[in-house]
Amino acid sequence: MLALVYAFRPRPVLVDLATAQRGQFLLTIDEEARTRVHDAYIVSAPITGRLMRVALEPGDAVVQGQTLVARMLPSRPPALDIRQREQAEAAVKVAEAALGMARANHRRAEADHKLAVTSLERARKQIRAAAISQAYFDEAEREAQAAAAELENTGAQISLRQAELSNARAAFTGLGDDASRPIDGIAIHAPVSGSILQVFQKSETIIAAGTPILEIGDIQDDLEIVVELLSGDAVKVKPGDPVIIDNWGGDTPLSAVVDRVDPLGFTKVSTLGVEEQRVNTRIRFTEPDQSRNRGLGHGFRVEARIVLAREDNALMIPTGALFRQDGDWAAFTAVDGLASLRVLDISKQNGREAVIAGGLSEGETVILYPPADLEDGTKIEAR
């Protein structure tokens with residue numbers, strides 16, 4: 001009989017317990033973020049030519065205007081084949097002959113001009129002595145002016161033929177003809193002091209003007225953090241909000257503040273294939289020397305906790321103890337081995353803890369994740 005009574009008597013429900021205690025409450029928005037240099041400089045090729053091998057490695061320090069980061073040589077002309085060579089040689093000979101003709105015409109124009117000037121001086125003396133008519137003097141003056149114009153024209157023709165000869169000789173120059181002639185190189189110096197972030201093109205090669213060569217940034221003093229917030233969270237954030245940088249690799253969190261919330265959102269597909277509207281938010285470190293000697297670099301992953309609300313000495317319980325009861329928040333407390341239903345006044349919660357504004361005292365024990373069939377007065381036992 002005693003065995004039957006023992007077998008069918010109600011057994012206590014095994015539960016997990018937690019204690020209501022005071023501490024610091026933080027309401028935060030937690031997101032993965034990445035570090036970056038705010039003002040990163042990409043050094044690109046100023047001309048189309050041959051890039052000499054880049055000796056610098058990522059992480060090397062550079063000084064603005066002093067450190068040689070790259071060197072380029074202008075491209076040499078391609079070698080000429082037999083047909084092109086003969087055509088170029090003929091063009092040079094034609095240009096030389098044209099230049100000779102221009103010089104001969106110039107010498108003739110000089111002689112004509114000298115004769116016309118002499119005739120004009122003789123006519124000027126005769127017109128004073130009334131030995132010739134005014135028409136004869138005017139004709140002598142016209143011939144002198146025409147001779148001067150022709151002399152100027154032949155001089156311009158010489159300049160033109162010299163330019164044509166230079167152009168023909170330049171077209172004749174090929175790689176095989178002029179490979180031994182030294183070409184002045186272009187030295188590219190660091191545009192800013194800092195460190196080499198990455199090298200896009202290291203080997204010696206031919207590149208076009210504007211091709212990126214390497215990237216330079218100041219990791220020590222210009223490092224910031226960028227976090228992509230959901231647009232619904234971004235509207236709650238404002239510049240100056242404190243930020244806790246966690247899981248960055250160090251022993252203690254780093255302090256920072258929100259510097260800027262971009263006004264433009266963008267669509268990003270999550271890992272689950274859901275389209276989300278995200279907003280870039282910039283975060284800066286609060287202490288100037290805090291960005292030094294911590295090992296963080298450009299593009300490192302961190303976790304940013306943007307603090308929206310903070311309350312010290314708040315009475316808190318885990319949110320796992322809460323449930324809805326007739327539209328109110330409620331929880332079960334453990335009193336003398338029995339479950340006691342309490343209606344609570346919750347002021348705020350962050351997903352981990354809830355701040356109790358009324359209905360519970362410090363030190364009281366609550367039941368975590370209460371079973372659906374747990375009722376007021378049910379006998380319980382700690383798991």
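The numbers here are math on the coordinates, done by the rules we state, and not lab data. Every value quoted in this text rests on a predicted model; they were computed, and no experiment measured them. Don't worry about glycine lacking a Cβ; one is built from the backbone with ideal geometry, like all the others, and counts go over all protein chains shown.
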Which FRET efficiency, nearest 0.05, do Asn280 and Arg310 yield, Cβ-Cβ r, R0 22 Å? 0.35
What per residue convex hull volume, in Å³, comes out for segment 82-178 when only alpha-carbon positions are used? 76 Å³
With each pseudo-label sitting 7 Å past Cα toward Cβ, what's the Ala372-Asn247 distance in nm, one decimal? 3.2 nm
Evaluate the charge dipole of segment 3-153 about its Cα centre and quote only its size in Debye, nearest 20, assuming +1 on the Cβ of each Lys and Arg and -1 on the Cβ of each Asp and Glu. 380 debye
With a Förster distance of 22 angstrom and the Cβ-Cβ distance between Gln24 and Thr319, calculated FRET efficiency to the nearest 0.05 equals 0.85
Taking the Cβ of Asp60 as the center, what net charge do the other residues with Cβ under 14 Å away carry, scoring Lys and Arg +1 and Asp and Glu -1? -2
Taking only DSSP H segments of four or more residues, each worth -39500 (n - 2.57), what value at 222 nm results for the chain once the sum is divided by all its residues, to the nearest 500 deg cm²/dmol? -9000 deg cm²/dmol
Rg ratio (alpha-carbon, reference 2.2 N^0.38 Å) - the chain: 2.13
Taking only Cα atoms and a 10 Å spring cutoff, compute GNM fluctuations for the chain and point out the largest among Val69, Val257, Val117. Val117
Under 10 Å, Cα contacts only: if you run a Gaussian network model on the chain, which one of Leu99, Leu51, Leu230 comes out with the highest mean-square fluctuation? Leu99
From the residues Ala90, Gly185, Ile244, which one has its Cα farthest along the dipole of the chain in the positive direction, the dipole being from +1 and -1 charges on Cβ of Lys/Arg and Asp/Glu about the Cα centre? Ala90
Show which lysines lie in cross-link reach of Lys238 when reach means a straight Cα distance below 27 angstrom and same-chain residues fewer than eight apart are skipped. Lys268, Lys348
Specify which residue in the list Pro318, Leu344, Tyr41 is farthest towards the positive end of the charge dipole of the chain, using unit charges on the beta carbon of Lys, Arg (+1) and Asp, Glu (-1), about the Cα centre. Tyr41
Burial order of peptide ranges 123-135, 27-39 (average beta-carbon count within 10 Å, highest first): 27-39, 123-135
Could you work out how far apart the two model spin labels at Ala156 and Ala97 are, taking each label as a point 7 Å from the Cα in the direction of the beta carbon, and quote it in nm? 2.6 nm
Using Cα atoms only, what is the angle between the long axis of helix 134-172 and the major principal axis of the chain, expressed in degrees (0 to 90) to the nearest 10? 50 degrees
Report P(r) for segment 135-174: all Cα-Cα distances, bin width 10 Å, range 0 to the bin holding the largest distance, values in whole percent. 27, 25, 21, 15, 9, 3, 0
Dipole size in debye (nearest 20) for the chain around its Cα centre, Lys and Arg Cβ +1, Asp and Glu Cβ -1? 1720 debye
Highest average packing first - 262-273, 100-111, Cβ atoms within 10 Å: 100-111, 262-273
Taking R0 as 51 Å and r as the Cβ-Cβ distance between Ser75 and Tyr136, the FRET efficiency 1/(1 + (r/R0)^6), rounded to the nearest 0.05, comes to 0.20
Multiply the residue separation of Ser361 and Ala146 by 0.36 nm, subtract the distance between their alpha-carbon atoms, and state the gained length in nm to one decimal. 65.7 nm
Nearest 10, in degrees from 0 to 90: the angle of helix 82-128 to the longest Cα principal axis of the chain is 50 degrees
Calculate the spin-label point distance for Ile82 paired with Ala209, positioning each point 7 Å from the Cα along the beta-carbon direction, and give it in nanometres. 3.7 nm
